[in-house]
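See structure below.
The values are calculated or read from the model by the stated rules, or taken from the named source; none is laboratory data. Keep in mind the model is a prediction, meaning the values are calculated, not measured. Cβ placement follows ideal geometry from the backbone for every residue including glycine, while neighbour counts extend to all protein chains displayed. The area values use the complete protein model at the heavy-atom level, side chains included, leaving out ligands, DNA and RNA. Shrake-Rupley method; radii C 1.70, N 1.55, O 1.52, S 1.80 Å.
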Amino acid sequence: MKGGWVFTNMDTAILDLRTHELPISETMLCAWFGTAVPGDRLAYHRGFLAIDVSPLTFKLPEPERRMLQRVADRALQLAEAGLIHVVQRRIAEDEFAYIAIARSRPPTWSGALETVLKAANREGQSK
Amino acid sequence: MPFSPSRAELNALQRLADLMALRIIRACRIPSHEREDLRQDLLADLFARLRGFDPERGNLSTFAFTCFGHRASQLIGRILRGRASMMPVSLDDPMPGAPNLTIGDGLSEADGYGALLGQPVDALAAVDRRLDLDRALGTLPQEALPLCAELIEQSPHELAKASPTSRATLYRRLHELRLRLLIAGIPASA
C-alpha cells in the first residue's frame, strides 16, 4: 500500500492510515488537522520518539531533530487542547508508530471576526 | 560630423514641437495635459533623425517641421486606432432594446472590474469565508486578537517598526498565528 500503513499484527487493524512522506513538518501536521474529520489518523513519526528527539543520542541530524521536536511538541499541544488523541503502536523492538487521531472540535465563541474588525477600525480612526 | 543645434535653435525647435503637440491635441480631442508628453515624443523623434539633416539643403525649421508632421500623423493614427478599438459607454446608459435596464444591469459581477483585479466575486463564497474566519478566530486565544486587528491595517514590517517588542518576537508570534489558523482550517494564512 503506497503512502499508508496497514497494521494487522495487533488486536485491531488500522486501515487507511493517512501518512505523509515521513518525516513530516509541523506545518504539515497543522494542515492535516485543519482538514481532518473526527477519527482521521495520521502517523507523524516512526521510531522511538524520546530517543530520536534527544540531542544526546545523535540519531538524527540536528535540523531534522529540531523539526521532529517541533512536531512532537505541536502534537502534544493539540492533545492537551483536546483536539487529538496521541497514541503509539509498536511495530518492532524499539520502533513505534506515533499516531494522531483527530477528535471532534469543541464549539468556538462566535463574534471574534467582528471584534477584530472593530478593533482595526478603532485603530484606523485613531491614526 | 552629425549636426548639433545651438541653444537658440533648440528653443525654436521646442516652440515648434509645442505648436505641433497642440495641433495633435485639438485633432484628437485629448486632454491638454498630454501636451508635454507629445512634445517630448516629437522632439525625441526629431533628434533621432538629425543625423540625416544637411544644412546645405535647407534650414533646420523646415526639416523639423517635416519630421514633426510625419510623427504627428503617426501619433494621431495611433490614438484614433486605440480609441476605435474601445467603445466608451457609461454603465448608466440604457441597454439597447430594454429601456428599463442599464448597461450596468447586464454585467455580472464576474465580468466586472473587481474580477479583473482578482477580487472575489462570489457573494456566497464571501459569506462562507466570513463564517470560516469567524470560527477560526474563535479558536485563537484572546490575546492574539489585537495582533490580528493590527495586521489588517499594517504590514508586519510596519508593525515591527512601531512596536516596542523585537522583530524576532513579532515574527515568532506571526508564525504561531499562522499555524493556529492552519489548525483551524484556514490554509491561505500559512
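Annotation for residue B:132 and residue B:19: the two label points, set 7 Å from Cα along the Cα-Cβ direction, are 6.6 nm apart. Take every Cα-Cα distance within the stretch B:147-190, group them into 5 Å bins from 0 onward, and report for each bin the whole-number percent of pairs it holds. Per 5 Å bin, starting at zero, the Cα-Cα P(r) for the stretch B:147-190 comes out as 5, 23, 28, 26, 12, 5, 0 percent.
Return the whole-Å distance between the Cα centroid of the stretch B:135-174 and the Cα centroid of the stretch B:1-57. Taking the Cα centre of each part, the stretch B:135-174 and the stretch B:1-57 sit 56 Å apart. Rounded to the nearest 10 square angstrom, residue A:51 shows an accessible area of 70 square angstrom against a 1.4 Å probe. Shielding of peptide A:110-122 by partners, expressed as the average count of other chain Cβ atoms within 10 Å per residue Cβ, is 6. Its Kirkwood hydrodynamic radius, worked out from the mean inverse distance over all distinct Cα pairs, puts the protein assembly as shown at 27.1 Å.
Over both sides of the B-A contact, add up the buried accessible area with a 1.4 Å probe and give it to the nearest 100 Å². Could you put the intermediate results ahead of the total?
Working: alone 14000 and 8650 Å², together 20680 Å².
Chain pair B/A: roughly 2000 Å² of buried accessible area.
Accessible area per residue, 1.4 Å probe, Å², for chain B: what's the number? Please report the intermediate quantities before stating the final value.
On the way: 13020 Å² over 190 residues.
Each residue of chain B exposes 69 Å² on average to a 1.4 Å probe.
With helices as the sole contributors, the protein assembly as shown gives -16500 deg cm²/dmol at 222 nm; each DSSP H run of n ≥ 4 counts as -39500 (n - 2.57), and the sum is divided by every residue.
Taking the Cα centre of the stretch B:30-102 as origin and assigning +1 to Lys and Arg Cβ atoms and -1 to Asp and Glu Cβ atoms, the resulting dipole is close to 280 debye.
Volume per residue for the stretch A:20-126 equals 145 cubic angstrom (convex hull of Cα atoms). Could you list, bin by bin from short to long, the percent of Cα-Cα pairs of the stretch B:69-125 in 10 Å steps? Over the stretch B:69-125, the share of Cα pairs per 10 Å bin runs 19, 28, 27, 17, 7, 1 percent. With Cα atoms defining each centre, the stretch B:90-129 and the stretch A:44-110 are spaced 50 Å apart in the structure.
What percent antiparallel are the DSSP beta bridges of the protein assembly as shown, to the nearest 5? Can you show the working numbers first?
Details: 19 of 20 bridges.
Here the share of antiparallel DSSP bridges comes out near 95 percent.
How large, in percent, is the carbon and sulfur part of the accessible surface of the protein assembly as shown at a probe radius of 1.4 Å? Write down the numbers at each step before the final one.
Details: 11400 of 20680 Å².
On the protein assembly as shown, the fraction of accessible area on carbon and sulfur atoms equals 55 percent.
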